[in-house]
1. Please work out if LYS297 is surrounded by fewer than 21 Cβ atoms within 10 Å (Cβ to Cβ), in the same structural domain as LEU414 (by TED's automatic domain parsing) and within 19 Å of PHE273 (Cα to Cα).
2. Being of a type in the set (Asp, Glu) and away from the ligand (no atom under 16 Å from the Cβ) is the filter here, so list the residues in the range 313-360 that pass it.
3. Which of (1) under 22 Å from the mean Cα position of the chain (by Cα); (2) buried (at least 19 other Cβ atoms within 10 Å of the Cβ); (3) part of a helix (DSSP H, G or I) does VAL98 not meet, given it meets every other one?
4. Looking at the range 384-399 only, could you name the residues that are aliphatic (A, V, I, L, M), more than 8 Å from the ligand (Cβ to nearest atom) and in a helix (DSSP H, G or I)?
5. Can we say ALA376 is surrounded by fewer than 24 Cβ atoms within 10 Å (Cβ to Cβ), of a type in the set (Gly, Ala, Ser) and either away from the ligand (no atom under 11 Å from the Cβ) or farther than 22 Å from GLY289 by Cα (or both)?
6. Kindly establish whether GLY418 is away from the ligand (no atom under 14 Å from the Cβ), on the phi > 0 side of the Ramachandran plot and either among the small types (Gly, Ala, Ser) or in a helix (DSSP H, G or I) (or both).
7. Residue by residue through the range 430-453, note down the ones that are surrounded by fewer than 18 Cβ atoms within 10 Å (Cβ to Cβ), more than 29 Å from the chain's Cα centre (by Cα) and either within 16 Å of the ligand (Cβ to nearest atom) or assigned to a helix (DSSP H, G or I) (or both).
8. Cβ-Cβ under 7 Å, sequence separation 6+ or interchain: first residue in the range 306-334 and farther than 22 Å from LEU610 by Cα, partner aromatic (Phe, Trp, Tyr) and modelled with pLDDT under 95. Which pairs?
Amino acid sequence: MCGIVGYIGKRQALPIVIEGLKRLEYRGYDSAGVALWDGKKLQDERAAGRISVLEGNLQRKSWAGNLAIAHTRWATHGKPSEANAHPQSDCTKGIEVVHNGIIENHAELREALIREGHKFVSDTDTEVISHLIERAFLVNAKEKILLEHAVLDGLRHVTGTFGIAVISKHDPRKLVAARRGSPLILGIGKDEFMVSSDVSAIVEHTRKVVYLHDDELAVLTPQGYEILGFNKKTISKPLNTIDWDVVSAQKGGYPHFMKKEIFEGPETLENAFRGRLLEAGKGGLVKLGGIEEIKNKLLTVRRILVVACGTSYYAGLVGKYFFENFSRIPCSVEHASEFRYSNPVLEKNTLVIAISQSGETADTLEALRDAKKRGALAIGIVNVVGSTIARESDAGVYNHAGPEIGVASTKAFLSQLGVLALLAMLLGKEKEAVSEVMLQKFSAELKSLPVKIKKILAMDEKIRKLAEKYLKYDNFLFLGRKYQYPVALEGALKLKEISYKYAEGLAAGEMKHGPIALVDEDMPCIVLAPKDSVYEKMLSNIEEIKARGGKILAVATEGDERIAKLADDVIYIPHTMEEAAPFLSVVPLQLFAYHTSDLLGLDVDKPRNLAKSVTVE
Ligand code: F6R
């Protein structure tokens, strides 16, 4: 949830970690802080609010030094305040710790440490880690133990999740990082080393990285790095090269990441299909390298269970239609946050699919682990390469959507739909559950989608005008049926999370069972009504809403004049197959939400109370 960055090398550390923090700010942004070793002493600074506030505070003194750690926080324990910002230090301010995750037994540890005389100044769970490390130094004062050993000693007492970076005046020319359940990556440069919770803080300086796994600790010095297991044994790990460059992690001329990412939709789909959706006659129709080795097991699958959260969950709901339609395998989709607590019945031959853009969502990860424990075959559909869900799945398919920085997920949704469609086609073909003709038709349609999405993006100005027209309303209903029902849910989520307007997505057939009571002239309904098998039913919904004085903004297929007569406003999308329509209909809804938020002057990329990757329950 929060962001960590640390630097050790020959250059001035402060500008590097502050720049890194700015790239991580999307992970959490209610307070920030930095600690630096200036060659003689530790200095630190914290601030409530955005990183710009911290930068203002830093002007007050000099910050020369080649070793620093920094943090941007999204509060889990203790309100966002200067005292609760990280780094958190010990009693003598000799140890500085930045931490992502949650220390579950922090209350007991705090009590015990207070009984021993430690003084706490914050409400955070993190502060116990600094005091535990301090205690390790105190207890071993005679032996003069190393920082990494003091950290390991401290962490022995902790239960919960952590990704931490630590510096200390007791062993000052090194940076120690350790992880359990919260991502950490080492950046390996020439005579300089970095640690971060996310590659985006590192790519500007190096593309060589080492992924730290659970129960591993890294010791970084200006001369090199060493990785130890929590048993203190050295571990040798591969060096990976990341292929995202810093340009693709920046806005590229767009006013917001969200707009840039919506406009990257066509390219995102091309990337999801590249080398996977094959030309007819080239040895099968779909090739998914990541699941090649479990293909035989996939043939025995009798049931599919998708676990995911938020937008990824809605992609899963579209996936259910794909799987049941193309492969005739029954599929259910569950909120990962509920699945974990449900004591699920997973029959033999159940395939669990975890969908996650970040690959770090705590609920989805735990659902995946739980499913694996119960013996299910588990695959991941993940965007962030090397993320925990990607690593812990039995096999998986990467989205290749590139970094998604805007908190509201847009291009990742499209690529999730793309990968789900490919997977359903592959299963359908292998099980001979769908005709070759249908597969060829759908395949051709998928390939045409990038061009069709570009046509929708060209209507950006028109959609902005519509957003302006509807700006005065505070509440919205989004209605859809069949393939468009999950899109209605996703459209409502996009609007509420970035514009703070109340929006509810509904299966249109449910209107009569209650929600229609809400309809009046102040409750616009955004109705998804492309020409598909439930089109006539959607027209009936529109009639019912109009009869009650409701306003209709319809998303319909180009050339549809009947809708034009009934609805107050229409956004036309190109003609497509019913199965492919979610790829198109979601785009105007993303743009509508984007413009609504922008017109209201809100922080589109960093909506209040939210963070990009939810690594706590
Ligand atoms: C909404 C949004 C969230 C995420 C959810 C899951 O725009 O971004 O609802 O979809 O937090 O995140 P991932 O896909 O990273 O597991």
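The values are calculated or read from the model by the stated rules, or taken from the named source; none is laboratory data. Since the structure is predicted, the reported quantities are computational estimates derived from the model, not experimental observations. Neighbour counts are summed over all protein chains in view; Cβ atoms, including those assigned to glycine, are modelled from backbone coordinates with ideal geometry.
1. Values: surrounded by fewer than 21 Cβ atoms within 10 Å (Cβ to Cβ): yes; in the same structural domain as LEU414 (by TED's automatic domain parsing): yes; within 19 Å of PHE273 (Cα to Cα): no.
In short, no.
2. Selection gives GLU324, GLU347.
3. So VAL98 meets the others, but not (3).
4. Once the filter is applied, which keeps residues that are aliphatic (A, V, I, L, M), more than 8 Å from the ligand (Cβ to nearest atom) and in a helix (DSSP H, G or I), the range 384-399 yields only ALA390.
5. Numbers: surrounded by fewer than 24 Cβ atoms within 10 Å (Cβ to Cβ): yes; of a type in the set (Gly, Ala, Ser): yes; either away from the ligand (no atom under 11 Å from the Cβ) or farther than 22 Å from GLY289 by Cα (or both): yes.
So ALA376 fits the description; yes.
6. Working: away from the ligand (no atom under 14 Å from the Cβ): yes; on the phi > 0 side of the Ramachandran plot: no; either among the small types (Gly, Ala, Ser) or in a helix (DSSP H, G or I) (or both): yes.
No; evaluated as a whole, the condition is false for this residue.
7. Once the filter is applied, which keeps residues that are surrounded by fewer than 18 Cβ atoms within 10 Å (Cβ to Cβ), more than 29 Å from the chain's Cα centre (by Cα) and either within 16 Å of the ligand (Cβ to nearest atom) or assigned to a helix (DSSP H, G or I) (or both), the range 430-453 yields GLU430, GLU436, VAL437, MET438, GLN440, LYS441, ALA444.
8. Listed pairs, sorted by first residue: none to list.
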